[in-house]
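Below you'll find the structure, written out as structure tokens, and then a few comments.
The values are calculated or read from the model by the stated rules, or taken from the named source; none is laboratory data. Nothing here was measured: the structure is a model prediction, and the numbers come from that model. Neighbour counts run over all protein chains shown; Cβ positions are idealised from the backbone, glycine included.
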Amino acid sequence: MATARETKYRICPFCEATCGLEITIEGREVATIRGDDADVFSHGFICPKGVALAQLDQDPDRLRAPLVRRDGRLVAVSWDEAFAEVERRLQPIVAAHGADAVAVYLGNPNVHNLSLGIYGQALLRTLRTKNIFTASTVDQIPKQLASGLMFGTFTSVAVPDIDRCDYLLMLGANPLDSNGSLWTVPDFPGRLRAMQQRGGRCVVVDPRRTRTAEAADQHLFIRPGTDAYVLMALVHVLFAENLVRLGTLAEHTLGVAEVEAAAWPFSPEAVAPLCGVAADVIRGLARELAAAPRAAVYGRIGTCTQEFGTLASWLVDVCNVLTGNLDRAGGVMFPLAAAFAANSYGTPGVGRGVRIGRRHSRVRHAPEVQGELPAACLAEEIETPGDGQVRALISIAGNPALSTPNGARLARAFETLEVMICLDIYLNETARYADIILPGLSPLEESHYDIVFNQFACRNTVRYSPPVFMPPTDRPAEWETLLRFTGILSGQGAGADVTMLDDFVATTQVQRAVADAQSPICGRDPDEILAALAPRRGPERLLDLTLRAGPYGDGFGAKPDGLSLAKLETQPHGIDLGPLQPRVPEVLRTPSGKIELAPPLILADVDRLRRGLEPHARRDGMVLIGRRHLRSNNSWMHNLPVLAGGRARCTLQMHPDDAARLGLADGGRARVASRVGSVDVPIEVTAAIMPGVVSLPHGWGHDQPGARLGVAAQRPGVNSNLLADELALDPLSGNAVLNGIPVQIEAL
Ligand code: SF4
């Protein structure tokens, strides 16, 4: 008898666009995946990665049982054996050397997973190590730091209101391939087209003519790592030509005069030789930006992964404020997420702001930002003997061997660890060093709610996806695995009762909410709230709590029309909460209650930028940048056949003039060397890249023995992070410098 087809709806967990998917299933098989036309946010948009969710679910290489290293080999064991091994290996290290002897690395999928997002925090609170390293410090922490210092929380990131925008200036961003980053904007291509059709204009500044640059109205090449100079020159022109118009922001903004003084040395003429953008072009950009009725400046990965990452990220919003485009329709605005939004808690318009450097890394003394240390410091923390040396690593959904600087050094460091534990669905290039691997479920066996990306979304919506397939009964969900870790680390042992631990987490969260003077449930009886949340448990219980106590919530009966998870479950395509609304001054959580346009920490770094203008500071050699492809997301998804086909993507793009000078031809091979390593790569000659710049995508290098990625290994590519220098950081945020790496190139 044929199995009946069913239709399910699921938010795609692969990238920040969070598209709604319509998935038809037959029994335990996926029949089709397409965009959900009725989704309130993505309206049917989908990219090739979304379809690949079916192959991820069925991938024979995806781990389904825990692995433990025995006699040098990773062998499948029962879950009880695996947790007993975690306790046997981890507890003595904590007991003998303290919590800091255990480092945690959190990879990018943590923010795409409800279980990991919530219960990973429970694990960190129990472990209390200062050695927390994340993927954020290789791509986005400068933007979060700049936003935190200006607006008061690390997630107060103002995003372009593209649906009402007339002029969009983007630096170092390629949303046609990334589908948006720190800006959740499903169907960016359609939204860009709509903007252009209503007469809007888009300008892209990038060392590469990306697909986004092709679709834009104007593209400008820029020397990698010099975005802060161009942005400073825009600010200079805005002041010099009397184009500053704060409008209603004026009464809510401090530091305008300090910014004017800081920008003064950076005239277009002063920065042009460094940036490769002509002075008159910079002046023209400033005038266009000031004249546009509704404009937004957006900077992304290219502006973050460079030595002036925080300065560039700050200057993006300085431009938005000075032109009166922050917090207004069609400019850049602050989303109001329904749950888990840090900038909707606390007293509106007042806060403590953000602090950094409460702890420092032991070896390099790099400050923590948002509780995280630079991933580029992890290897030295493992290698360097002494008090506080990292002896154990818990890597959660990460692949730092491929995705962080100087992967070769980090891999050598992994081999010296006393124990390494990976929570991962693949035996990848990092997990191959592990002693214990604990796999999660297929995304289709898990429920989903975007706890992070609603905070960066170009429209306020709320969506929840129940599991597409019934979770298996013989394997724990990630949140249960993390609670077992929590039990071990809190001394309750591998056999700790997960239900009791979960009750403890939920009770703690409820007690916090009822004690919060600004919470709609302040003063309520915690037992009443817990009873109202029953019989839910796990992530759903905590999601229901935060939804109901959130800005749109039902307040547990106080606002009967408000949101609850039960209400959301009746809306499989989500609920539209409307376009972004002005939130200043309510959104601000700075100590002054104002937009702090000139944070002292950032202003103090401007002199470093100014020194770069001096003639002796010029560096004219070849530099390396990364690049994004629509079919790839960091180091994973290369094992999915539907995404792995087509032209080879791990090539070194090079301008024809450079190729001719170096004696290289399209399809030839070259050796690329940096201070820390070298790789041999195929050459792709293209005029789409600026002379003097070469580009290599990251996340490749799947030819490592011991990894279990059969499809990816057939076209392994090379690891671009073998060239990235772990000593090169943006000093304020600790973000790795992955764009503008000095390299030497020779033909092979
Ligand atoms: S754009 Fe992102 S969220 Fe949308 S289908 Fe593709 S990978 Fe999934």
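Data table
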item: Evaluation of Arg675 against (1) more than 20 Å from Asp424 (Cα to Cα); (2) charged (D, E, K, R); (3) out of contact with any Pro (no Cβ under 8 Å at 6 or more places or on another chain) (one fails), failing number; result: (3)
item: Selection from the range 587-625 of residues that are of a type in the set (Asp, Glu), at pLDDT 95 or above and surrounded by fewer than 16 Cβ atoms within 10 Å (Cβ to Cβ); result: Asp607
item: Long-range neighbours under 7 Å by Cβ, at least six apart or interchain, first residue under 12 Å from Arg211 (Cβ atoms) and at pLDDT 95 or above within the range 161-184, second within 13 Å of the ligand (Cβ to nearest atom) and of a type in the set (Lys, Arg); result: Asn174/Arg628
item: Positions within the range 546-565 being in a helix (DSSP H, G or I) and surrounded by fewer than 17 Cβ atoms within 10 Å (Cβ to Cβ), in sequence order; result: Gly557
item: Qualifying residue in the range 601-608 (condition: in contact with a helix residue (DSSP H, G or I) (Cβ under 7 Å, 6 or more places away or on another chain), part of a loop (DSSP other than H, G, I, E, B) and under 21 Å from Leu729 (Cβ atoms)); result: yes
item: Any hit, the range 213-236, residues being closer than 21 Å to Arg631 by Cβ, more than 16 Å from the ligand (Cβ to nearest atom) and within 24 Å of the chain's Cα centre (by Cα); result: yes
item: Test: residue in the range 51-73 that is more than 16 Å from the ligand (Cβ to nearest atom), over 22 Å from Asn633 (Cα atoms) and either within 27 Å of the chain's Cα centre (by Cα) or of a type in the set (Asp, Glu) (or both); result: yes
item: Residue list for the range 244-289, restricted to those being in contact with a Lys or Arg (Cβ under 7 Å, 6 or more places away or on another chain) and in contact (Cβ under 8 Å) with a residue 40 or more places away in the chain; result: His252, Thr253, Leu254, Pro265, Leu274, Cys275, Gly276
item: Criterion: more than 16 Å from the ligand (Cβ to nearest atom), modelled with pLDDT under 95 and of a type in the set (S, T, N, Q) - qualifying residue of Gln144, Gln196, Gln121; result: Gln121
item: Top-ranked residue of the range 1-33 - restricted to ones that are farther than 23 Å from Ile575 by Cβ, assigned to a loop (DSSP other than H, G, I, E, B) and of a type outside the set (Lys, Arg), ranked as farthest from the ligand (Cβ to nearest atom); result: Met1
item: Number of positions in the range 178-192 that are within 19 Å of Lys143 (Cβ to Cβ), within 10 Å of the ligand (Cβ to nearest atom) and under 17 Å from the mean Cα position of the chain (by Cα); result: 5
item: Residue match in the range 242-261 (condition: among the basic types (Lys, Arg), over 27 Å from Gly152 (Cβ atoms) and not in a helix (DSSP H, G or I)); result: no
item: Selection status of Val321, modelled with pLDDT of 95 or more and not in a loop (DSSP other than H, G, I, E, B); result: yes
item: Any hit, the range 39-54, residues being in contact with a Ser or Thr (Cβ under 8 Å, 6 or more places away or on another chain) and either hydroxyl-bearing (Ser, Thr, Tyr) or more than 29 Å from Pro579 (Cβ to Cβ) (or both); result: yes
item: Single residue of Ile25, Ile118 found to be surrounded by 15 or more Cβ atoms within 10 Å (Cβ to Cβ), of a type in the set (Val, Ile, Thr) and more than 23 Å from Gly398 (Cβ to Cβ); result: Ile25
item: Residue ID - surrounded by the fewest Cβ atoms within 10 Å (Cβ to Cβ), chosen from residues in the range 336-375 that are within 21 Å of the chain's Cα centre (by Cα) and not in a loop (DSSP other than H, G, I, E, B); result: Ala342
item: Condition broken by Asp36, with the remaining ones in (1) of a type outside the set (S, T, N, Q); (2) over 19 Å from Pro572 (Cα atoms); (3) out of contact with any helix residue (DSSP H, G or I) (no Cβ under 8 Å at 6 or more places or on another chain); (4) buried (at least 21 other Cβ atoms within 10 Å of the Cβ) satisfied; result: (2)
item: Test: Thr384 is in contact with a helix residue (DSSP H, G or I) (Cβ under 8 Å, 6 or more places away or on another chain) and among the β-branched types (Val, Ile, Thr); result: no
item: Complete set of residues in the range 280-313 that are among the hydroxyl-bearing types (Ser, Thr, Tyr) and not in a helix (DSSP H, G or I); result: Tyr298, Thr305
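Conditions (1) touching a residue at least 12 places away in the same chain (Cβ under 8 Å); (2) touching a helix residue (DSSP H, G or I) at 6+ places or on another chain (Cβ under 8 Å); (3) β-branched (Val, Ile, Thr); (4) in a helix (DSSP H, G or I), marked per residue:
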residue	(1), (2), (3), (4)
Phe41	yes, no, no, no
Asp57	yes, yes, no, yes
Leu63	yes, no, no, no
Ala82	yes, no, no, yes
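Table: residues versus (1) farther than 24 Å from Tyr426 by Cβ; (2) in contact with a Lys or Arg (Cβ under 9 Å, 6 or more places away or on another chain); (3) crowded, with 19+ Cβ neighbours inside 10 Å; (4) not small (Gly, Ala, Ser).
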| site | (1), (2), (3), (4) |
| --- | --- |
| Val679 | no, yes, yes, yes |
| Pro682 | yes, yes, no, yes |
| Met690 | yes, yes, yes, yes |
| Ser695 | yes, yes, yes, no |
| Gly701 | no, no, yes, no |
| Gly710 | no, no, no, no |
| Ala724 | no, no, yes, no |
| Ala728 | yes, yes, yes, no |
| Ser733 | yes, yes, yes, no |
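One line per residue, one yes/no per condition, for (1) in contact with a Phe, Trp or Tyr (Cβ under 6 Å, 6 or more places away or on another chain); (2) surrounded by fewer than 20 Cβ atoms within 10 Å (Cβ to Cβ); (3) without any contact (Cβ under 8 Å) to a residue 12 or more places away in the chain:
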{"residue": "Ile46", "(1), (2), (3)": "no, no, no"}
{"residue": "Lys49", "(1), (2), (3)": "yes, no, no"}
{"residue": "Arg70", "(1), (2), (3)": "no, yes, yes"}
{"residue": "Trp79", "(1), (2), (3)": "no, yes, no"}
{"residue": "Gln91", "(1), (2), (3)": "no, yes, no"}
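So that you can scan it fast, the table gives a plain yes or no per residue for (1) closer than 27 Å to Asn460 by Cβ; (2) out of contact with any Phe, Trp or Tyr (no Cβ under 9 Å at 6 or more places or on another chain); (3) among the aromatic types (Phe, Trp, Tyr):
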site: Gly487; (1), (2), (3): no, no, no
site: Met500; (1), (2), (3): no, yes, no
site: Arg512; (1), (2), (3): yes, yes, no
site: Gly553; (1), (2), (3): yes, yes, no
